[in-house]
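**Student:** Please find one structure pasted underneath; my questions will follow.
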């Protein structure tokens, strides 16, 4: 099972085409990351967007143009080591693929941004239920009515993930996730989804719907898919991102992020 694999072994499985599913619950205890690749001449403003919006876009690594091995994963290749990628041209989705070696070029800059999958193991260890893990689903993701701070040509609404839990569990979840500031930190909203522009929890914009039981409230965390909406807002000739839920799994331990 992928849960028993080390991050390096998992990346080998992905590279060989043996693992194609979302990475939620995979290699628990290791940092997972959102990926954005875009042209070098747009990289400064995208970096500025991330700096201005650290909740949804916490920066884990930024590579030099043309580089594909990040500092947080030895011998990794960002062109092959995610289960599924999205390719955008002029801001429009062109394709979903399992390998982007044929489109990546030396003028592209890669960004790795924190992902909430990285604190799920800590929630479970603290006795807080994580419904998407229990139901073996991709996490529910929603586009909200909250706008991020723009930077240059980049702008986006805030995207959030949702995990239902009882109010007392939500309080514990705040305590646990506040430490993980580089993987979105504490929730941005609890209860009343309509207050942040979400009309129907059973119809997420990305990922899968999960069961919300009696006495539970929805708890929302900032989501790195925000970076995908921002990167594609500028109508660039080429942008490559992860497919929602199909993350890059690094060698960095989750707990290490709480010390930075």
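The values are calculated or read from the model by the stated rules, or taken from the named source; none is laboratory data. Just so we're clear, the structure is a prediction, and the values are computed from it rather than from any experiment. Cβ: placed from backbone, ideal geometry, glycine included. Neighbour counts: every protein chain shown.
**Student:** Is it fair to say residue 210 is in contact with a helix residue (DSSP H, G or I) (Cβ under 6 Å, 6 or more places away or on another chain) and in the same structural domain as residue 35 (by TED's automatic domain parsing)?
**Tutor:** Against the criterion (in contact with a helix residue (DSSP H, G or I) (Cβ under 6 Å, 6 or more places away or on another chain) and in the same structural domain as residue 35 (by TED's automatic domain parsing)), residue 210 does not qualify.
**Student:** Pick from 250, 233: which is within 28 Å of residue 48 (Cβ to Cβ) and in a strand (DSSP E or B)?
**Tutor:** Values: 233 fails: in a strand (DSSP E or B).
Among 250, 233, only 250 is within 28 Å of residue 48 (Cβ to Cβ) and in a strand (DSSP E or B).
Matching residues to (1) free of Cβ contacts under 8 Å to residues at least 60 places away in the same chain; (2) over 18 Å from the mean Cα position of the chain (by Cα):
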| residue | (1), (2) |
| --- | --- |
| 47 | no, no |
| 63 | yes, no |
| 67 | yes, yes |
| 73 | no, no |
| 84 | no, no |
| 87 | no, no |
| 100 | no, yes |
| 103 | no, yes |
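**Student:** Out of the residues in region 214-226 that are at pLDDT 95 or above and touching a strand residue (DSSP E or B) at 6+ places or on another chain (Cβ under 7 Å), which is surrounded by the fewest Cβ atoms within 10 Å (Cβ to Cβ)? Outline the logic, then answer.
**Tutor:** The initial filter retains those residues of region 214-226 that are at pLDDT 95 or above, namely 214-222, 226.
Cutting the leftovers down to touching a strand residue (DSSP E or B) at 6+ places or on another chain (Cβ under 7 Å) gives us 216-222, 226.
Working: 216: 17, 217: 15, 218: 22, 219: 24, 220: 23, 221: 24, 222: 28, 226: 28.
The extreme case among them is 217.
**Student:** Separate question: Which of the following residues is under 30 Å from residue 102 (Cβ atoms), outside the structural domain of residue 103 (by TED's automatic domain parsing) and either in contact with a helix residue (DSSP H, G or I) (Cβ under 9 Å, 6 or more places away or on another chain) or at pLDDT below 95 (or both): 159, 188?
**Tutor:** Just one listed residue meets the conditions, 159.
Condition check ((1) under 24 Å from residue 241 (Cα atoms); (2) assigned by TED's automatic domain parsing to the domain that holds residue 67) across all residues:
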{"site": "106", "(1), (2)": "yes, yes"}
{"site": "128", "(1), (2)": "no, no"}
{"site": "136", "(1), (2)": "yes, no"}
{"site": "139", "(1), (2)": "yes, no"}
{"site": "149", "(1), (2)": "yes, no"}
{"site": "163", "(1), (2)": "yes, no"}
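**Student:** OK, next. Out of contact with any helix residue (DSSP H, G or I) (no Cβ under 7 Å at 6 or more places or on another chain), buried (at least 21 other Cβ atoms within 10 Å of the Cβ) and over 21 Å from residue 211 (Cα atoms), is that true of residue 78?
**Tutor:** It is true that residue 78 is out of contact with any helix residue (DSSP H, G or I) (no Cβ under 7 Å at 6 or more places or on another chain), buried (at least 21 other Cβ atoms within 10 Å of the Cβ) and over 21 Å from residue 211 (Cα atoms).
**Student:** Which of (1) under 21 Å from residue 39 (Cβ atoms); (2) not assigned by TED's automatic domain parsing to the domain that holds residue 204 does residue 98 not meet, given it meets every other one?
**Tutor:** Failing condition for residue 98: (1).
Rundown of residues vs (1) more than 18 Å from residue 106 (Cα to Cα); (2) buried (at least 16 other Cβ atoms within 10 Å of the Cβ); (3) modelled with pLDDT of 95 or more, yes/no style:
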{"site": "19", "(1), (2), (3)": "yes, yes, no"}
{"site": "25", "(1), (2), (3)": "yes, yes, no"}
{"site": "42", "(1), (2), (3)": "no, yes, yes"}
{"site": "66", "(1), (2), (3)": "no, no, yes"}
{"site": "74", "(1), (2), (3)": "yes, no, no"}
